[in-house]
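The values are calculated or read from the model by the stated rules, or taken from the named source; none is laboratory data. What you see is a predicted model, and the numbers here were worked out from it, not measured in a lab. Cβ coordinates were reconstructed from backbone atoms using ideal geometry, including for glycine residues, and neighbour counts include every protein chain displayed.
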Amino acid sequence: NNDSIKTEIYDNDDGINKCTGKKYSKRYYDILEKRKLLPVWEQRSEFINKLKSSQVLVLVGETGSGKTTQIPQFVFEAGFVEKGTMVGVTQPRRVAALSVAKRVSEEMDVVLGEEVGYSIRFEELTSEKTFMKYMTDGMLLRESMADPLLKKYSVIILDEAHERTLSTDILFGLIKGVLQKRKDLKLVVMSATLDAGKFQKYFNDAPLMKVPGRLHPVEIYYTQEPERDYLDAAVRTVLSIHQDEDAGDILVFLTGEDEIEETCTRVAREAKQMQLPPITCLPLYSTLPMSQQSKIFDNYPHRKCIFSTNIAETSLTIDGIVYVVDPGFSKQKTYNPRSRIESLLVSPISQASAKQRAGRAGRTRPGKCFRLYTEKSFKKNLPVQTYPEILRANLSTVILQLKKLGVDDLVHFDFMDPPIPETLMRALEVLHYLGALDDEGELTKDGEIMAEFPLDPQLSKILVSSARYNCSNEVLTIAAMLSVPNVFHRPKDNRRDADQTKKLFDHIDGDHLTLLNVYHSFKQSGENTTWCYDNYLNYRAIKQATNVRSQLARILSRFGVPLVSGDINSRDYYINIRKCLVSGFFMQAARLEKKNEYFTLGDEQKVMLHPSCGLDRRPDWVIYNELVLTSSNYLRTATDIKFEWLLESAPHYIDSLLDPSVPQKTRQNIERAKKYIAMTTSFTDYPKLKSIIE
Ligand code: ADP
Ligand code: MG
């Protein structure tokens, strides 16, 4: 029959690519041979039949079994994708969406961005022809704001569901509703862990399909004693594997870019010093340029060692890994609803994660996993499962989106795991302080616009209020620069020179304005790469900021917000920009106590200005973009502000800090600052006083 012909296109191959009408390349056939070996291939018709008979299907399979790359192709080949629509596949991580889209375009022998495309924040590569789109879960959530019934899609695949990211969790609830209204829409929920009962139950007892993995045994080694410094331990372990163990590649799990770059360089250097055989050390993290990311899939004549973030835990599969080094940490978002502070904290992973990591060693043959912690610690200190993000993240961004979608009754929203009421309340409160919600909890005009930006509400807020401060052009630049990877390059062997050079751009009033300087100079240089290189600036990042900036500008213009600038020679030019920053970042303020010590307003955390901060003095009050919690706590990207600006921008918020639940010190300081302002105003600002009285 018709269907079986469709699914047997590989057997009745006439050498012509049905998508493009062109002849298949040799590479297509080379890759096809490998694809046919993937475990999902054996269950191809089973999958297609199951999806035919059910609107929702839960698919569980070991990492590397071919879910992400093959299932969307099966879906397409079996005719589930109506003409003019797409199959959309979500990924929690940008890198995964991008890298898998690229891989699948190669597998299908098409140009990336034509039939197969991707969409990640600020970067979309698709065309009229696109029928398969890999995207971050956050992007699909955004799309649903403009297209609540997700009409562009015939099939949606929520991949890596076991990660339970905030966006995926919200999509569960939204799509469950859409499935009711659109009987023609199909949903596949894919997960790498066997605990799929929860997904099935949530989707009204959806059928399950299991893809058995072909995992070889992995021997687990623990350390005898806890490690003092897991980076040191990781370096030592990699070197000794390289020295003593048979051929096979190594995968090391670390928590972030800095750590990865440092460890990567150290291993390469020490291996050379010890005169060990050659080893190729490669980093893998999300802000790495694509060209460098794809190096991890290349073959090398000798051992390769990959230093990766959690990306390699389940999102990306690298063939040939035989040894895994697992220090047991990852960076996790945590949010303290009371202090409203969200931070990325290096935290112990869960037992489930540790098992996934170990599994990466046994894909091609028996492997070994070196855990840099004790067995006792594994059993006693690691939580069994990772907590869903919805229970530990700041919800203000998604709540703003839900509001825009018309979901008003958050308490009765069909959450798979409902967030803690306090977290919900706090998120609503934050949106209220920001002026996105009114006293009744309805979306305001500002809130409507804010929801359109793919940014945190704080950043969207400064964009929305920028015209009122006569500085939308400048604030667009600052918001764009804050949304790309760090533009300042600090090479290890040239730090001093780099720091000296950075000083040329430093603005006396703060780092946000320094970013503005950098951007302007970049434009003046004619977007010159050599100029960037000479000034220790990351060309790729600033170039990306120009792109992000125009995207944000388009959104502002769409809502009729004028793009304006003040007179650069006027006294108010920079003051207006700083005031505008305060209009969004008033919840990220800190007060100077002595010499170098700042305390965050609201929860009195002791912090210092980050060494990269360009302020040459220590202002009484600053706002900051990021709180970095390490051995000592730092404020990153800080700008000098005045307390009265806080009071002007966010009177409700400041008043809330006088509540007895807030640390006494904060309350005292606010009282004092308020009194001081009242006094000075009455003497110096007579017109203002007069207007208040009248
Ligand atoms: P799953 O989603 O089940 O974890 P994937 O579909 O991601 O599995 O991976 C299937 C296979 O495709 C793996 O063996 C992996 O090595 C291979 N693969 C994926 N991306 C690439 C790539 N960019 N280059 C080479 N091989 C790749
Ligand atoms: Mg996958």
Checked against (1) more than 15 Å from ligand 2 (Cβ to nearest atom); (2) under 30 Å from Thr287 (Cβ atoms), Phe80 satisfies every condition except (2)
**Message:** Looking for something surrounded by fewer than 18 Cβ atoms within 10 Å (Cβ to Cβ) and in contact with a His (Cβ under 7 Å, 6 or more places away or on another chain) - is there at least one such residue anywhere in the stretch 510-519?
**Reply:** yes
- Return a yes/no flag: does the stretch 85-99 have any residue that is away from ligand 2 (no atom under 15 Å from the Cβ), among the small types (Gly, Ala, Ser) and modelled with pLDDT under 95. no
Modelled with pLDDT under 90 and in contact with a Leu (Cβ under 9 Å, 6 or more places away or on another chain), is that true of Leu345? yes
Going through the stretch 511-539 in order, the residues found to be part of a loop (DSSP other than H, G, I, E, B) and either in contact with a Lys or Arg (Cβ under 8 Å, 6 or more places away or on another chain) or of a type in the set (S, T, N, Q) (or both) are Ser525, Glu527, Asn528, Asn535, Tyr536, Asn538
Listed by first then second residue, the pairs whose first member lies in the stretch 73-101 and is closer than 21 Å to Ile48 by Cα, whose partner is at pLDDT below 95 and assigned to a loop (DSSP other than H, G, I, E, B), with beta carbons under 7 Å and at least 6 positions apart or on separate chains, are Glu77/Ile9
| said: For the structure I just gave you, tell me whether Tyr118 is modelled with pLDDT of 95 or more, buried (at least 24 other Cβ atoms within 10 Å of the Cβ), under 27 Å from Ser53 (Cβ atoms) and of a type in the set (Phe, Trp, Tyr). | reply: no
Taking first residues from the stretch 393-421 that are farther than 19 Å from Gly177 by Cα and second residues anywhere that are part of a loop (DSSP other than H, G, I, E, B) and of a type in the set (D, E, K, R), the pairs with Cβ under 9 Å that are 6 or more apart or on different chains are Asn394/Arg340; Asn394/Asp456; Ser396/Arg340; Ser396/Asp456; Thr397/Asp456
For Ile306, the lone unmet condition from (1) in contact (Cβ under 8 Å) with a residue 60 or more places away in the chain; (2) buried (at least 22 other Cβ atoms within 10 Å of the Cβ) is (1)
Residues of the stretch 568-620 being under 23 Å from Asn486 (Cα atoms) and among the small types (Gly, Ala, Ser), in sequence order, are Gly584, Ala589, Ala590, Ser612, Gly614
The number of residues in the stretch 563-584 that are part of a helix (DSSP H, G or I) and more than 25 Å from the chain's Cα centre (by Cα) is 9
The number of residues in the stretch 543-595 that are among the β-branched types (Val, Ile, Thr) and either touching a His at 6+ places or on another chain (Cβ under 9 Å) or over 16 Å from Arg121 (Cα atoms) (or both) is 6
Some residue of the stretch 202-212 being under 31 Å from the mean Cα position of the chain (by Cα), more than 23 Å from Gly64 (Cβ to Cβ), modelled with pLDDT under 95 and surrounded by fewer than 14 Cβ atoms within 10 Å (Cβ to Cβ): no
Tell me yes or no: at least one residue of the stretch 265-288 is exposed (fewer than 14 other Cβ atoms within 10 Å of the Cβ), at pLDDT below 95 and in a loop (DSSP other than H, G, I, E, B). no
Listed by range, strands (runs of 3 or more DSSP E) wholly within the stretch 289-385 having at least 1 residues that are of a type in the set (Gly, Ala, Ser) are 303-308, 329-336, 341-348, 367-371
Filtering the stretch 161-190 for residues that are within 12 Å of ligand 2 (Cβ to nearest atom) and either at pLDDT below 95 or closer than 16 Å to Asp417 by Cα (or both) leaves a count of 3
If I filter the stretch 266-282 for residues that are closer than 30 Å to Gln385 by Cα, more than 15 Å from ligand 1 (Cβ to nearest atom) and not acidic (Asp, Glu), do I get at least one hit? no
Counted residues in the stretch 12-67 being near ligand 1 (Cβ under 9 Å from one of its atoms), of a type in the set (S, T, N, Q) and more than 30 Å from Gly197 (Cβ to Cβ) come to 0
- When you look at Arg103, is it within 16 Å of ligand 2 (Cβ to nearest atom) and either among the polar types (S, T, N, Q) or modelled with pLDDT under 95 (or both), yes or no? no
Those strands (runs of 3 or more DSSP E) completely within the stretch 585-694 that have 2 or more residues that are at pLDDT below 90 are 621-629
Within the stretch 135-149, restricting to residues that are without any contact (Cβ under 8 Å) to a residue 60 or more places away in the chain and not in a helix (DSSP H, G or I), the one that is surrounded by the most Cβ atoms within 10 Å (Cβ to Cβ) is Met135
Flagged in the stretch 182-194 as over 12 Å from Leu57 (Cβ atoms) and touching a residue at least 60 places away in the same chain (Cβ under 8 Å), in numbering order, are Lys183, Asp184, Leu185, Ala192, Thr193, Leu194
